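Read-outs throughout are calculated quantities, based only on the coordinates presented, and are distinct from any laboratory measurement. Every value quoted in this text rests on a predicted model; they were computed, and no experiment measured them. With ideal geometry, Cβ positions are generated from the backbone for all residues, glycine too; neighbour counts draw on all protein chains shown.
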Amino acid sequence: MENFNINNISNQNRQFELFGSNTNTSINFQQTNNLKLKGETLIEWRNKIHNHQITIPGDSHNKTFQQTILPVKSFNEKKIDPFSLQPLSLNFWRSNQHIHNGPAMYFVIDTMISSKIILYIGETNSANKRWKGEHDCKNYLTNYKEALAQSNLSSHQDIRFFLDVPKEVKLRRKLEQQLIYLWLPPFNKETRDRWSTTFTNN
């Protein structure tokens, strides 16, 4: 997890959009410090998410669990470990990588230095097509990556698929909601207020 010291930064000097305007609204604050402050604010936002997600216990038998499709009533969302799934490029459809073409849950994950966080969770009836077309999360990722670049912070985003999910869309969406409320990914509409992810509405 990234560490930094913000004890000497007053709240008055931090009243600006996390991923929004480059304009600094504080008084007597040097422009040379704006980049550092914005970067620290971004890292602080990210660390809060990481601190929640790292407390969710993994399941040592996750690989065995994924080999069998279970009915949703006995499907424990805590047994799905998104971080153990195979990472794929966000542009996987442009390569020759084989992607399962059936139903799946998918997780957009960000890796930054020594930590990982889940940015978005979704469900699809066709894993190889859902991410290929238009998707709100792609716009959020663009804003997120621009904010990181402006603050000279490096990270890597990928997408991961969990395939052993119910075929029925109603059951799949129920599982999706269970996973969202378990992991609280910041790009899902259900959790934006919790993390103050205001840039998703840009």
Check: Among the aspartates and glutamates, which fall within straight-line cross-link reach of residue 167, defined as a Cα-Cα distance under 17 Å, with same-chain neighbours fewer than 8 residues apart omitted?
Finding: 77, 123, 176
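What value in Å³ per residue do you get for the convex hull of the alpha-carbon atoms in the range 122-202?
114
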Note to self: What distance in nm lies between label points placed 7 Å from Cα along the C-beta direction at residue 83 and residue 54?
What the structure shows: 0.8
Next item on the list: Please sort 114-127, 180-193 by packing, taking for each peptide the average over its residues of neighbouring beta carbons within 10 angstrom, highest first.
Entry: 114-127, 180-193
Check: How far apart, in nm, are two points set 7 Å out from the Cα along the Cα-to-Cβ line at residue 177 and at residue 94?
Finding: 3.6
